[in-house]
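S.K.: Got a structure for you, questions after.
No value in this document is a laboratory result; all are computed from the given coordinates. Please read these numbers as outputs of a predicted model, since none were measured by experiment. Glycine also receives a Cβ, built like all others from the backbone with ideal geometry; neighbour counts cover every protein chain displayed.
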Amino acid sequence: MAIQTVGIVGAGQMGNGIAHVFALAGYDVLMNDVSAESLAKALATIDRNIERQVSRGKVTAEAKADAMARIKTSLTIADLGPCDLIIEAATEKESVKDAIFKALVPHLAAGTILTSNTSSISITRLASRTDRPEKFMGFHFMNPVPVMQLVELIRGIATDQATWDSLHQVVARLGKTAASAEDFPAFIVNRILMPMINEAVYTLYEGVGSVKSIDESLKLGANHPMGPLELADFIGLDTCLAIMNVLHEGLADTKYRPCPLLTKYVEAGWLGRKTQRGFYDYRGDVPVPTR
C-alpha cells in the first residue's frame with residue numbers, strides 16, 4: 001500500500017527524531033503525546049536540528065520550511081486513526097505500549113499499518129493484542145534518528161508480506177538501510193550492544209577499572225566512538241536496564257543478568273544525560289565521572 005500519512009505516538013527523543021526524518025522525506029506527520037509541553041518541546045527540537053542541517057549545507061532552507069509545515073501535533077490519540085502508518089515510540093514498558101495500541105485500535109482505518117519502535121519487546125506478543133497482527137511490525141530506529149543510518153525491521157509471526165514490503169519501501173525513501181531481524185529478545189543491535197554495556201558496568205562494579213579508565217580503554221583500545229558507560233548515559237540507564245531484563249527473562253540465561261550497580265543507579269534516579277546524572281555528572285561545564 002502507498003504510505004503518505006504517518007502518526008507517531010510519543011514526542012520524546014525517539015519520537016521527535018522519527019518525525020524529523022519522515023517530514024524531511026516528504027511524509028505528512030501527526031505527532032501525539034499526553035503532554036502539550038512535550039509536543040512543543042519536540043517541535044522546537046526538530047526545528048533546531050533541521051536548522052543545524054541547513055547550516056551545514058545538507059538541507060535547504062526551503063526543504064526545512066516544507067518539512068516543518070508537514071508536522072502537526074495532537075493530544076488526542078484517536079486523531080492518529082486515519083494515518084496510513086502509525087509508529088509507537090513511547091517508553092520501553094510493555095504495559096504502556098499495550099495501553100497505547102488498545103486506545104488506537106477502535107479508531108484505525110482498515111489499511112493502517114501499526115508498528116512499534118521497541119528496542120527489545122516481542123513484536124508477536126504486542127501484535128497479538130491488536131486487531132491486525134498481520135499488519136503489525138517492529139520498526140526500530142537507532143538514536144539519534146536523524147544521524148543513524150540503520151532501521152531494524154522485525155516481523156512478528158503473523159506479519160504478512162505486503163506489510164513487510166511496504167516498510168522496506170518506507171526505509172528506502174527515508175534514505176536509510178533496513179536490517180531484517182527475527183523476533184527474539186532485543187533483536188540484533190541490542191542483543192549485542194546491551195550485554196557489552198552491562199559487562200562494562202560489572203567491570204566498574206567489581207573495581208577492575210574506574211568510569212574514566214573503562215571508557216578510555218574502549219575508545220582507544222577498540223576504536224569505539226564513545227565509551228560504553230558514556231553510551232549508557234546517552235541511551236538512558238533505565239532503558240539499558242529494561243532491555244537487560246527482557247534479555248534475562250526472555251532467554252533465561254544468567255549471562256544476561258543485569259549488574260546490581262546498574263539497578264542501583266536506576267533506583268537512585270540517576271538515568272544518565274536526561275536526568276543530568278548517571279555514570280557521569282552533567283551538571284557542570286564538563287561531565288565528571290561519578291565513580
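S.K.: Test of understanding: what is the full-extension gain from Arg173 to Lys212, defined as 0.36 nm times their sequence separation minus their Cα-Cα distance? Don't jump to the answer; show the numbers that get you there.
M.R.: Working: separation 39, 0.36 × 39 = 14.04 nm, distance 4.05 nm.
Gain on extension, Arg173 to Lys212, equals 10.0 nm.
S.K.: Next up: Among DSSP bridges having both ends in the chain, what percentage is antiparallel? Round to the nearest 5.
M.R.: Around 25 percent antiparallel, to the nearest 5.
S.K.: Among Asp281, Asp233, Asp28, whose mean-square fluctuation peaks in a Gaussian network model of the chain (Cα, cutoff 10 Å)?
M.R.: Fluctuation is largest for Asp281.
S.K.: Kyte-Doolittle mean at least -0.5 and Cα extent at least 27 Å along the axis: which DSSP H helices of the chain qualify? It would help to have the intermediate numbers written out before the result.
M.R.: Details: long enough: 36-55 (29 Å, -0.24).
Within the chain the helices that satisfy the rule are 36-55.
S.K.: Does segment 217-291 come out rounded, prolate or oblate by the C-alpha gyration tensor, with a ≥ b ≥ c the root eigenvalues, rounded set by a/c under 1.5 and, if not, prolate when a/b is larger than b/c and oblate if not? Before the final figure, lay out each step's value.
M.R.: Values: a/c = 2.50, a/b = 1.39, b/c = 1.80.
Oblate, because a/c is 1.5 or more while a/b does not exceed b/c.
S.K.: Starting from the amide H of Leu271, placed 1.01 Å from N in the peptide plane, find each other amide H under 5 Å away whose residue is 5 or more places distant or on another chain.
M.R.: Hits under the 5 Å cutoff: Arg277.
S.K.: As a test of the formula, what do you get for the chain when each DSSP H run with n ≥ 4 contributes -39,500 (n - 2.57) and the sum is divided by the residue count, at 222 nm and rounded to the nearest 500 deg cm²/dmol?
M.R.: Only helices count here, giving -14000 deg cm²/dmol.
S.K.: In addition: Only one of the listed values, (i) 1.03; (ii) 0.97; (iii) 1.07, was derived from the coordinates as Rg/Rh (Cα atoms, Kirkwood Rh); which label is it?
M.R.: Among (i) 1.03; (ii) 0.97; (iii) 1.07, the one calculated here is (ii).
S.K.: Which residue fluctuates most in the GNM of the chain (Cα springs below 10 Å): Leu75, Leu150, Leu30?
M.R.: It is Leu75.
S.K.: Taking 0.36 nm per residue of separation and subtracting the Cα-Cα distance, what length does fully extending Asn223 through Ser95 add?
M.R.: Stretched fully, the Asn223-Ser95 segment lengthens by 42.3 nm.
S.K.: I need the peptides 198-208, 2-12 ranked by packing, meaning the mean over residues of other C-beta atoms within 10 angstrom, with the highest value on top.
M.R.: Listed from highest to lowest mean packing, they are 2-12, 198-208.
S.K.: Still on this structure, please answer the following. Just need the relative contact order of the chain here, percent rounded to a whole number, with Cα pairs under 8 Å and 6+ apart.
M.R.: 13 percent
S.K.: Based on other C-beta atoms within 10 Å, arrange Ser120, Ser55, Ser217 from fewest to most.
M.R.: Ser55, Ser217, Ser120
S.K.: Under a point spin-label approximation (7 Å from Cα along Cα-to-Cβ), what is the Asp160-Asp47 distance to one decimal in nm?
M.R.: According to this spin-label approximation, the distance is 4.2 nm.
S.K.: Here's another thing I want to ask about it. Where the centroid of each part is defined by its Cα atoms, how far is segment 166-189 from segment 48-120 in Å?
M.R.: 17 Å
S.K.: Test of understanding: what is the full-extension gain from Ala36 to Lys72, defined as 0.36 nm times their sequence separation minus their Cα-Cα distance?
M.R.: 11.7 nm
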